[in-house]
Amino acid sequence: MKTFITNRKGQKIAVIVEEIPNAKGLAFVMHGLSGNKEQAHIQTFAKSFVDSGYTTVLFDTTNTFGESDGNYEDATATNYYEDLEDVISWSKTQSWYQEPFCLAGHSLGGLCVALYAEKHPEQIKALAPAATVVSGELSEQNKMSKGELENWKKTGWRTETSTNMPGLIKKLKWSHMEDRLKYDLLPEARKLTMPVLMIVGSEDNSTPPKHQQILFDALPGKKELHIIKGAPHTFREENHLKEIKTIFNEWIKKI
């Protein structure tokens, strides 16, 4: 089922609900910066939950390249997180809602689902932040060279060519980084006592394995960290997606 809901700012959010009769549970799956619910890795995460008998919710945040309102140039961690909250709040009014539920997300979506889990651990059955942003500070250190950062700050814009949509030029305001620097999963990581699955590509230059290890080491409960050999930040290759599907399927059986 596809529907459109309204967020706290009055903007339209596109939501897809794959409802399973007599579901074993509920899962929300969230894309990363500039991503959308149709991306292959997001669909792979979601299909694992659906195949395991979970009603699954996918959505496009505002300010991304999807079916929701807003402009990418205005994207922030805060607006992505607030949209996650608003989708969950709406879900609580639906007949298929269950608690505790599972959360999965990629990159900036990983940061958002983990932040939600830190704030509401009693609502969360299990958490899967894949190639997650761990903190704004680590992200700033790693994302680009000092010169590129200084140019972004000086001009107010970061411009790059999309790898997901060839020919698309993505422009992002410096205020995105200022906002991202407000967030850090590490101080409250002790609250993530639920089962946690972490996945990252060995060739990830945005949220590298060394960053994932820092968060992994701070987690107090049942946890797994899988490094996908040869994979970059965004999982696109068929063999990488198959490996991720297997990892998710096995993990969901255990939660």
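Quick notes
- Summed over the range 167-214, residues that are of a type in the set (Gly, Ala, Ser) and crowded, with 16+ Cβ neighbours inside 10 Å total 3.
- The number of residues in the range 112-166 that are free of Cβ contacts under 8 Å to residues at least 60 places away in the same chain, hydroxyl-bearing (Ser, Thr, Tyr) and either surrounded by fewer than 21 Cβ atoms within 10 Å (Cβ to Cβ) or outside any helix (DSSP H, G or I) (or both) comes to 5.
- Residues of the range 204-223 that are touching a Lys or Arg at 6+ places or on another chain (Cβ under 9 Å), within 25 Å of Ser48 (Cα to Cα) and assigned to a helix (DSSP H, G or I): Phe216 alone.
- Where a residue in the range 198-222 is within 21 Å of Glu243 (Cβ to Cβ) and in contact (Cβ under 8 Å) with a residue 12 or more places away in the chain and its partner, wherever it lies, is among the acidic types (Asp, Glu) and in a strand (DSSP E or B), with Cβ under 7 Å and at least six apart: Met198/Glu224
- Residue, surrounded by the fewest Cβ atoms within 10 Å (Cβ to Cβ), within the range 63-80, restricted to residues that are in contact with a helix residue (DSSP H, G or I) (Cβ under 7 Å, 6 or more places away or on another chain), touching a residue at least 40 places away in the same chain (Cβ under 8 Å) and closer than 22 Å to Tyr116 by Cα: Thr78
- Tally, over the range 9-39, of residues that are among the basic types (Lys, Arg) and under 20 Å from the mean Cα position of the chain (by Cα): 2
- Only one of the numbered conditions (1) within 14 Å of the chain's Cα centre (by Cα); (2) of a type in the set (Val, Ile, Thr); (3) surrounded by fewer than 20 Cβ atoms within 10 Å (Cβ to Cβ) is violated by Thr93, and that is (1).
- Remark: pairs (first residue in the range 40-59, over 17 Å from Lys2 (Cβ atoms) and touching a residue at least 24 places away in the same chain (Cβ under 8 Å); second residue assigned to a loop (DSSP other than H, G, I, E, B) and among the aromatic types (Phe, Trp, Tyr); Cβ separation under 8 Å; 6+ apart in sequence or on different chains) = Ala40/Phe235; His41/Phe235; Thr44/Phe235.
- Against the conditions (1) surrounded by 22 or more Cβ atoms within 10 Å (Cβ to Cβ); (2) over 22 Å from Ala131 (Cβ atoms), Asp60 satisfies every one except (2).
- Number of residues in the range 167-176 that are hydrophobic (A, V, I, L, M, F, W, C) and part of a loop (DSSP other than H, G, I, E, B): the value is 2.
- Residue ID - farthest from Phe216 (Cα to Cα), chosen from residues in the range 177-203 that are part of a loop (DSSP other than H, G, I, E, B) and among the hydrophobic types (A, V, I, L, M, F, W, C): Leu181
- Selection within the range 86-104 - in a helix (DSSP H, G or I) and either in contact with a strand residue (DSSP E or B) (Cβ under 8 Å, 6 or more places away or on another chain) or touching a residue at least 60 places away in the same chain (Cβ under 8 Å) (or both): Asp86, Val87, Ile88, Trp90, Ser91
- Any hit, the range 184-197, residues being in contact with a His (Cβ under 6 Å, 6 or more places away or on another chain), under 23 Å from Lys254 (Cα atoms) and in contact (Cβ under 8 Å) with a residue 40 or more places away in the chain: no
- Check on Lys47, outside any helix (DSSP H, G or I) and basic (Lys, Arg): no
- In the range 1-26, the residues that are over 19 Å from Ser48 (Cβ atoms) and hydroxyl-bearing (Ser, Thr, Tyr) form no Cβ pair under 7 Å with any partner that is in a loop (DSSP other than H, G, I, E, B) and modelled with pLDDT under 95, whether six or more places apart or across chains.
The values are calculated or read from the model by the stated rules, or taken from the named source; none is laboratory data. Source: prediction; values computed, not measured. Cβ atoms come from the backbone with ideal geometry, glycine included; neighbour counts cover every protein chain shown.
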